[in-house]
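What follows is a single structure, written as structure tokens, with notes after it.
Readers should treat all values here as calculations from the given coordinates under stated rules, not as data from a laboratory. As the structure is a prediction and not an experimental result, all values here were calculated from the model. So basically every Cβ, Gly included, is an ideal-geometry build from the backbone, and we count neighbours across all protein chains shown.
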Amino acid sequence: MVGITLDAFSSPWPVDWTQEFGRPAPLVLEIGFGNGDFLIHQAQSRPQTNFIGLEVSLPSLKKAERKVHHAGLTNVRVLHNPANMVLWLLLRPQTLDGLYLNFPDPWPKHILRRVVNDQFLHLAASRMKPGAFLDIATDHPDYIPWVIEHLERTPYFSSRRPTSFVTEDDERFRTKYEQIALAEGRVCYYFHWQRNEAAAADLFPIPQEKPMPHVILHSPLPPDELARQFQQQRHQQGEMFISLDELFQSARTGALLVETYIHESALTQRVGLTIHQREAGRYIIGLHELGFPRPTPGVQFAIYTLAQWLCSLHPASHILSHNLNPDVGERLASLATNSFYDSSTPPL
Ligand SMILES: C[S@@+](CC[C@H](N)C(=O)[O-])C[C@H]1O[C@@H](n2cnc3c(N)ncnc32)[C@H](O)[C@@H]1O
């Protein structure tokens, strides 16, 4: 049986979908597939198309996984990752032939959590081929005008109908939420749109992964003193936010591990940054391999920040070497008396 579940953290960025499915075929994405019945129905009705389903609820993912196996489908892959993360990291520009968003959570009090917003539509547009369909359905009284407003102002999509939406679509396979809405007498709104020819700048380039980053520095302070002086630190740079949360020290070796939260656009990672004393006064800061960390620009920024903090603790501290990217490296250079970086390294 084919492995049908992928994970955005451990998959290549982007995924080669032709290789993943073992064949070239049109590629369609469903965001928030719920009980999976719609996804399975589509995959059964269109065996010549490859389908990707996303769901952030783990019980729903597990149920759908079992149903896909049971149905013996080889043209479906599912992921337990949020929509923006998968669109951003796993899909090359102009890859998708269609996108379904059925009855997205309306988040009436937390509108920032809604899947549909200007950023999502731009990101989706950049990953869709011209002519690819965008089908959204909702019955929620707050979400209906929200979707209309966002779709009508995006330059990248056009309605396939003479109007922005229709309230009848008898040919559809009904999803679970749709059946409930109809049974309770609510009107469902169906948005049948498509990606038009307007070029969408790739504002979301797939992050280029770097070699495992490290900084080597001199500090006269012993590890115990570093541990004693550590305090939580938060830093923001553009879309990037990092928090050096907690420092742990190994009782056996004295090595230090800093639990770090890194948020960069649609990707969030919790990683461990290590501070090892190689010999007295000489430290190497790096990324712990536990838990599949990806050496993204955010990780570089976090390592830079940790090195900067460590240097700030004693005037005799300085950077000896590092392999961070030039622009991070330039900032580090201002702290260093003997820094270098490999100028062949591409920018972040
Ligand atoms: C209201 S339910 C609708 C389920 C199904 N589409 C239906 O119509 O029956 C919305 C689903 O979207 C999922 N979801 C919410 N945000 C998501 C995101 N960012 N990416 C993927 N799935 C998401 C939720 O876990 C939930 O199962």
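Tabulated results
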{"item": "Net charge dipole size for segment 87-207 [Lys, Arg +1 and Asp, Glu -1 on Cβ; Debye, nearest 20]", "result": "340"}
{"item": "Exposed trypsin sites (Lys or Arg not before Pro) absent: longest stretch of the chain, with sites in DSSP loops and at most 16 other Cβ within 10 Å deemed exposed", "result": "1-108"}
{"item": "Euclidean distance of C-alpha centroids, segment 67-139 and segment 282-330, integer Å", "result": "35"}
{"item": "Potential extension, residue 67-residue 252 segment - 0.36 nm per residue separation minus Cα distance", "result": "61.8 nm"}
{"item": "Extension gain from residue 7 to residue 245, taking 0.36 nm per residue of separation minus the Cα-Cα distance", "result": "83.1 nm"}
{"item": "Tail weight of P(r) past 15 Å, computed on alpha-carbon pairs of segment 253-297, percent", "result": "47"}
{"item": "Dipole-positive endmost among 27, 72, 180 within the chain (Cβ charges, Cα centre)", "result": "72"}
{"item": "Nearest-20 debye value, segment 214-333 charge dipole, Cβ charges on Lys, Arg, Asp, Glu", "result": "160"}
{"item": "Assigned charges on the beta-carbon of Lys, Arg, Asp, Glu; the chain dipole about Cα centre (debye)", "result": "420"}
{"item": "Nonlocal amide H pairs with residue 30, under 5 Å, H built at 1.01 Å", "result": "52, 53, 54, 100"}
{"item": "Principal axes of the chain: Cα extent on each, largest first, Å", "result": "74, 43, 39"}
{"item": "Inter-site label distance for residue 282 and residue 312 at 7 Å from Cα along Cβ, in nm", "result": "2.7"}
{"item": "Relative pair counts by distance (%), Cα atoms of segment 5-195, 5 Å bins", "result": "1, 8, 16, 21, 22, 17, 10, 4, 1"}
{"item": "13 Å cut-off, amide nitrogen to a point 7 angstrom out along residue 196 Cα→Cβ, residues in segment 110-144", "result": "131"}
{"item": "Inter-label distance for residue 48 and residue 228, nm, one decimal - labels placed 7 Å from Cα along Cα-to-Cβ", "result": "7.4"}
{"item": "Reach of residue 176 by Cα under 20 Å, taken over lysines that are not fewer than 8 positions away in the same chain", "result": "62, 63, 67"}
{"item": "Estimated inter-spin distance, residue 179 and residue 57, nm [label 7 Å along Cα→Cβ]", "result": "1.4"}
{"item": "Distant-in-sequence amide H partners of residue 95 (H built 1.01 Å from N, under 5 Å)", "result": "128, 129"}
